[in-house]
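Okay, structure first, notes after.
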Amino acid sequence: MKMSSPRFFWFVQIVLLVGTAIWTFLDPRSIAILGPFPISDSQWFYSSWIDKFGIWRCVAGVFVLAMCALTGLRLTYGLFGSSSDFRSLKALIVLMTLSALWCGLVLQFPSIAWQGKRARVFLCLDEFESIASPLRADWPRRDGMIEPIGPFMAYPFGRPSVLVLLTPPSVFDHGTSISAIERSERGALRFQLSGIEGGDWAEWHPPHSQPASFTGGLNDHYRLSSHLPLGNGWYLVRYDAPATKPLMTPSGLYSSLSP
């Protein structure tokens, strides 16, 4: 395959497309790239990106963008002033197909990352189950400590429905942990994830129960956004931002602030 041939540039584009999709699925930090990225006045732009994503992700991202731009421009330029191989009907169809695939990848980027998180949580169901089993059998009525979740504080007082974990246990190798556990009136257990995989919930529901909007034990209101089944009553769940936002204070306790 000659480097001057359109097939070479088609091959590069396909490799980059497939590689980007796989990276999006596998890397728990991939979705953060599309999120808000505040830059303080005291930091250089590139330094902030390296701090947040790591130098290798930044290098790989720049490489992918550069290769996509160079090969894409070469294919587009070939339509106007190069050999007939670039201006054939087949070349035009391939170019339009690649453009459509890239647009589809950009539009489906969050969905691919969401499915990747589903796969990672599924692989950790044994860890979640080991935590859920003792809580299903005996839900705490006061502050205390239970293995393997460690010390916790139970809210509201008297009839607690949420356990705020003071030393959040890790459930993923890359540092994601459980910051709080909610229990519904029907016995469902909701595990709030924090860290790299933070912002979503892993939930166990008894038969004939599914994820739904709820009001937590700290009076924070969660509206169901989407959920994916994991099997055996487990779900990966995403909620819209709560109406009152729980924040962790330096002492390790939650407080609520109005939006």
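The values are calculated or read from the model by the stated rules, or taken from the named source; none is laboratory data. Everything numeric here is computed off the predicted structure, so don't read it as measured data. Reconstructed Cβ throughout: ideal geometry from the backbone, glycine too, with neighbour counts over all protein chains shown. Areas reflect the complete protein model, heavy atoms only, side chains present, ligands, DNA and RNA absent. Shrake-Rupley method; radii C 1.70, N 1.55, O 1.52, S 1.80 Å.
Points to keep in mind about this one:
- Within the range 214-228, being in contact with a Phe, Trp or Tyr (Cβ under 7 Å, 6 or more places away or on another chain) and over 26 Å from ARG141 (Cβ atoms) holds for ARG223, LEU224, SER225, HIS227, LEU228.
- ALA202 being closer than 17 Å to PRO156 by Cα and open to solvent by less than 10 Å² (accessible area, probe 1.4 Å): no
- Residue count for the range 218-236, restricted to those that are of a type in the set (Phe, Trp, Tyr) and modelled with pLDDT under 95: 1
- Cross-chain or 6+ apart pairs with Cβ under 8 Å, the range 90-110 first and closer than 12 Å to TRP10 by Cα and free of Cβ contacts under 8 Å to residues at least 24 places away in the same chain, then in a helix (DSSP H, G or I) and open to solvent by less than 40 Å² (accessible area, probe 1.4 Å): LEU95/LEU75
- Unmet requirement for PRO246, which otherwise passes all of (1) outside any loop (DSSP other than H, G, I, E, B); (2) modelled with pLDDT of 90 or more: (2)
- All conditions but one from (1) within 16 Å of the chain's Cα centre (by Cα); (2) within 29 Å of TRP204 (Cβ to Cβ) apply to TRP139; the one that does not is (1).
- Counted residues, the range 128-148 - those being closer than 14 Å to ARG190 by Cα and open to solvent by 70 Å² or more (accessible area, probe 1.4 Å): 1
- The set of residues in the range 152-199 being open to solvent by 30 Å² or more (accessible area, probe 1.4 Å), among the hydrophobic types (A, V, I, L, M, F, W, C) and touching a residue at least 40 places away in the same chain (Cβ under 8 Å) consists of MET153, LEU166, ILE196.
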